[in-house]
Amino acid sequence: MHSDAEEVQKSVRKYMMIGAALLVFTGITVAASYLNLAVPAAITVALVIAGMKGSMVASVFMHLSHEKQWIYGALILTVVFFIVLIFVPLFTIKDGISTGLPWVQ
Amino acid sequence: MEIPYTVQARPDSGLANGKLGIWLFLASEVMLFGALFSTYILLRVGATEWPHHELNVPLGAINTVILISSSVTMVMAWASLKMNQWGKHRLYLSLTVVLSLLFLLNKYFEYGAHFAAGEGPSHTTFLAIYFTMTGLHMLHIVGGVVVMLYFLGPGARMWKTSPEQFTNRIEYTGLYWHFVDLVWIFLFPVLYLL
């Protein structure tokens, strides 16, 4: 975390540049969605760009690039559980009953 | 009674109470939205067909630009305090509130168009998960606006009595706000573009 005004002053330009980069990436994401890519490729492109944007927000705006160990520890634990949560639906594919769910229109 | 470690870092963690508190809260938020993203995957994988570009992409893109801009103004509101620029802090925090309200206004028009067309959450599975995820996200925006208005109003008095603690409070508000922006960065492509 920045502790003095001088360091924060230096970071202001970086905040503006990251903001501009995020806007450019948003434009690229929208443009890519009109390329009619195959679904797996479209998902990959969109999520890779979203991941890059998310990393920029987290590391620069949320100052995660220079945080304390305790925060990293808590977040690593969160990421592990988040990944488990995201992959839970895979179990429903593996058992072969995921298609034609009665409530899915 | 004075609460310790509101400004000074604790010797064991190296963090002030509020910093650790907001990060633990954000960790729980990751799991909350994670559960919804997981639900989205389950529903999408199980669906025989899924709409593409059904939502208003330009409006969604404009809202993305608005939220990203609000993240920049939010971090500048905090940076201004660090540089002891009270007037600039007020300006940037006010801009963040205005941008948040613009986001909500766009969402109002978007939701209004859906309901006018008879496309409520019960219309399709896609709209059900769309309204659930964006509705929860919108509640987070409303929560952020309430907190920011507090710091523009009665909460601002703390700057005179305890400027460092006030700066920390703005930092924690900012961390929450950037998280809300981060969630939208994923919601936008997932719901509007894919």
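Within the range A:35-94, the residues that satisfy the criterion of being facing chain B (nearest Cβ under 7 Å) and of a type in the set (S, T, N, Q) are A:78, A:92.
Please find, within the range A:1-45, the residue that is modelled with the lowest pLDDT out of those that are assigned to a loop (DSSP other than H, G, I, E, B) and over 30 Å from residue B:45 (Cβ atoms). Please lay out each step first, then the result.
Of the residues in the range A:1-45, the ones assigned to a loop (DSSP other than H, G, I, E, B) are A:1-4, A:34-38.
If we keep only those that are over 30 Å from residue B:45 (Cβ atoms) as well, we get A:1-4.
Details: A:1: 43, A:2: 46, A:3: 55, A:4: 72.
Applying the filter and picking the extreme gives A:1.
For the range B:115-131, the tally of residues that are within 14 Å of another protein chain (Cβ to nearest Cβ) and either in contact with a Pro (Cβ under 8 Å, 6 or more places away or on another chain) or within 17 Å of residue B:184 (Cα to Cα) (or both) stands at 6.
Note on the range B:130-189: residues that are polar (S, T, N, Q) and surrounded by fewer than 15 Cβ atoms within 10 Å (Cβ to Cβ) amount to 3. Restricting the range B:1-34 to residues that are of a type in the set (Phe, Trp, Tyr) and outside any loop (DSSP other than H, G, I, E, B) leaves a set whose member that is farthest from residue B:170 (Cα to Cα) is B:33.
Screening residue B:62 with (1) farther than 29 Å from residue A:77 by Cα; (2) more than 9 Å from chain A (Cβ to nearest Cβ); (3) of a type in the set (A, V, I, L, M); (4) more than 21 Å from the chain's Cα centre (by Cα) gives one miss only, at (4).
Consider the range B:153-172 and keep the residues that are among the hydroxyl-bearing types (Ser, Thr, Tyr) and more than 12 Å from chain A (Cβ to nearest Cβ). The one that is nearest to the chain's Cα centre (by Cα) is B:162.
Is it the case, given these coordinates, that residue A:87 is among the aromatic types (Phe, Trp, Tyr), exposed (fewer than 13 other Cβ atoms within 10 Å of the Cβ) and in a helix (DSSP H, G or I)? Please lay out each step first, then the result.
Details: among the aromatic types (Phe, Trp, Tyr): yes; exposed (fewer than 13 other Cβ atoms within 10 Å of the Cβ): yes; in a helix (DSSP H, G or I): yes.
Here the answer is yes, as residue A:87 does meet what is asked.
The values are calculated or read from the model by the stated rules, or taken from the named source; none is laboratory data. Everything numeric here is computed off the predicted structure, so don't read it as measured data. With ideal geometry, Cβ positions are generated from the backbone for all residues, glycine too; neighbour counts draw on all protein chains shown.
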